[in-house]
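Undergrad: Pasting a structure here, questions to come.
The values are calculated or read from the model by the stated rules, or taken from the named source; none is laboratory data. Because the structure is a prediction, the values reported are computed rather than measured. All Cβ positions, even for glycine, are placed from backbone atoms using ideal geometry, and neighbour counts span all protein chains on display.
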Amino acid sequence: MSFSFQRLAAGLRKTQAHWVARVKDVLGRRSGLDEDTLASLEEALLLGDVGVQVSGAVLADLRAAAAGLQGPSEALQHVQRILAERLASPAEPKAPRPRPHVTVLVGVNGTGKTTTAGKLAHRYVKAGERVLVAGCDTFRAAALDQLKWWCDEAGAEVVLGRPDGDPSAVAFDALRAAVSRGVDRVIVDTAGRLHTRTGLMAELEKLQRVIRRVVPDAPHEVLLVLDATTGQNGLTQAREFHRSLPLSGVVLTKLDGTARGGIVFAIRDALQVPVRYVGLGEALADLDDFDPDLFVNALFSAHSVAGENVTAGGP
């Protein structure tokens with residue numbers, strides 16, 4: 001079941017208060033879209049971690065459309081439309097899903113990869129699929145026990161290695177087991193690693209090579225699990241992981257605990273990969289598909305625009 005509009009809006013409350021309210025205030029307190037107004041709007045967007053490129057695109061579009069915008073509400077709606085368009089991804093052609101379909105989760109320490117593995121497993125099991133999770137985080141003391149608990153709760157199978165064992169060997173065993181058992185999906189939970197540690201990042205490349213020894217066209221997805229509270233630092237992480245193991249999407253966790261939800265726009269723009277899932281809690285069901293239109297509408301839902309008699313004028 002998808003997150004309701006109300007729940008998503010409630011989860012974005014901190015982000016709304018941090019910068020969406022500023023955007024509304026800027027557009028509502030001036031008599032037109034002059035350069036001072038646009039400069040203040042740019043500042044509000046940058047403070048929200050929306051990023052330089054996306055902020056610039058919003059301003060350029062507003063300049064071009066300014067003469068046709070009647071009042072602050074239309075200006076705000078125009079900003080919402082631009083932001084939603086920046087998040088949208090081209091429709092992908094339907095194709096038969098490979099079996100097993102292999103998803104690798106990557107990210108730095110503490111972003112919620114193991115929890116995300118359990119939540120994804122839960123989604124797929126509920127959809128009637130047979131799921132196996134590979135516990136390749138052999139370095140963190142409690143990781144294997146934690147992953148087993150999540151898999152038991154989700155009804156998924158799990159292959160675990162020994163503490164301090166070789167993560168690639170775990171992945172190899174898990175993929176062989178998945179093929180022999182006729183599993184539909186494999187989720188590979190990797191150890192957290194700092195994006196600045198080249199040795200650990202190279203280990204991800206090795207993991208990919210080992211996976212391909214069993215399933216030649218895998219991994220079919222590489223998802224970066226990103227803690228939304230990290231703001232612009234998350235963008236740096238994303239770029240480095242993308243260099244080592246090309247990402248196919250992002251899972252944004254802890255969105256309900258941050259005022260920096262604008263980082264969604266910066267990441268989508270910088271990497272040109274979609275945000276695939278969003279997390280708004282710790283329960284198994286607290287992970288949902290990311291919907292750009294729903295996200296932007298929920299983001300702006302708590303705010304109305306004052307000063308309806310404002311007229312938009314070009315700079």
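Undergrad: Take region 132-148 and flag every residue that is within 22 Å of the chain's Cα centre (by Cα) and closer than 14 Å to residue 184 by Cα.
TA: 133, 134
Undergrad: I've got another one for you. If I ask for residues that are out of contact with any helix residue (DSSP H, G or I) (no Cβ under 9 Å at 6 or more places or on another chain) and without any contact (Cβ under 8 Å) to a residue 24 or more places away in the chain, which ones from region 13-38 would you list?
TA: 36
Undergrad: Kindly evaluate residue 235 against the criterion of being in contact with a helix residue (DSSP H, G or I) (Cβ under 6 Å, 6 or more places away or on another chain) and in a loop (DSSP other than H, G, I, E, B). Steps first, answer last, please.
TA: Details: in contact with a helix residue (DSSP H, G or I) (Cβ under 6 Å, 6 or more places away or on another chain): yes; in a loop (DSSP other than H, G, I, E, B): no.
No.
Undergrad: Same structure again: Could you grab me the full set of residues in region 83-98 that are in a loop (DSSP other than H, G, I, E, B) and within 27 Å of residue 240 (Cβ to Cβ)? Show your work before the answer.
TA: As a first pass, look at region 83-98 and keep what is in a loop (DSSP other than H, G, I, E, B): 88-98.
If the condition is that a residue be in a loop (DSSP other than H, G, I, E, B) and within 27 Å of residue 240 (Cβ to Cβ), then 88, 89, 90, 92 are the ones that fit.
Undergrad: Among the candidates 264, 250, 225, single out the residue that is modelled with pLDDT of 85 or more and over 20 Å from residue 50 (Cβ atoms). First the steps, then the outcome.
TA: Values: 264 fails: over 20 Å from residue 50 (Cβ atoms); 250 fails: over 20 Å from residue 50 (Cβ atoms).
Of the residues listed, the single one that is modelled with pLDDT of 85 or more and over 20 Å from residue 50 (Cβ atoms) is 225.
Undergrad: Is at least one residue of region 29-36 modelled with pLDDT under 85 and in a helix (DSSP H, G or I)?
TA: Taking every residue of region 29-36 in turn, at least one turns out to be modelled with pLDDT under 85 and in a helix (DSSP H, G or I).
Undergrad: On the basis of being touching an Asp or Glu at 6+ places or on another chain (Cβ under 8 Å), more than 16 Å from residue 299 (Cβ to Cβ) and not small (Gly, Ala, Ser), does residue 46 make the cut? Lay out the reasoning, then the answer.
TA: Working: touching an Asp or Glu at 6+ places or on another chain (Cβ under 8 Å): no; more than 16 Å from residue 299 (Cβ to Cβ): yes; not small (Gly, Ala, Ser): yes.
Spelling it out, it is not the case that residue 46 is touching an Asp or Glu at 6+ places or on another chain (Cβ under 8 Å), more than 16 Å from residue 299 (Cβ to Cβ) and not small (Gly, Ala, Ser).
Undergrad: Just give me the residues in region 210-231 being surrounded by fewer than 15 Cβ atoms within 10 Å (Cβ to Cβ), in contact (Cβ under 8 Å) with a residue 12 or more places away in the chain and in a helix (DSSP H, G or I), in sequence order.
TA: Within region 210-231, just 213 meets the criteria.
Undergrad: Within region 244-287, how many residues are over 9 Å from the mean Cα position of the chain (by Cα) and either at positive phi or touching a residue at least 24 places away in the same chain (Cβ under 8 Å) (or both)?
TA: Within region 244-287, the first condition is being over 9 Å from the mean Cα position of the chain (by Cα), and the residues that meet it are 244-248, 254-263, 265-266, 269-273, 280-287.
Retained after the next criterion (residues that are either at positive phi or touching a residue at least 24 places away in the same chain (Cβ under 8 Å) (or both)): 244-248, 254-263, 265-266, 269-273, 280-282, 284-287.
Residues that pass the stated criteria total 29.
Undergrad: Could you check region 277-298 and list, in sequence order, the residues that are over 26 Å from residue 21 (Cβ atoms) and touching a Ser or Thr at 6+ places or on another chain (Cβ under 8 Å)?
TA: Those that are over 26 Å from residue 21 (Cβ atoms) and touching a Ser or Thr at 6+ places or on another chain (Cβ under 8 Å): 277, 282, 287, 289.
Undergrad: Name the pairs: first residue in region 114-136 and more than 15 Å from residue 283 (Cα to Cα), second residue among the small types (Gly, Ala, Ser) and not in a loop (DSSP other than H, G, I, E, B), Cβ to Cβ under 6 Å, at least 6 apart or on different chains?
TA: 125/154; 131/121; 132/178; 133/117; 133/121; 134/171; 134/174; 136/171
Undergrad: Here is a follow-up. Give the residues of region 92-141 that are out of contact with any His (no Cβ under 7 Å at 6 or more places or on another chain), modelled with pLDDT under 90 and aliphatic (A, V, I, L, M), sorted by residue number.
TA: Listed by number, the residues that qualify are 95, 141.
Undergrad: Filter region 146-175 down to the residues that are over 24 Å from residue 201 (Cα atoms) and of a type in the set (D, E, K, R), then identify the one that is surrounded by the fewest Cβ atoms within 10 Å (Cβ to Cβ).
TA: 152
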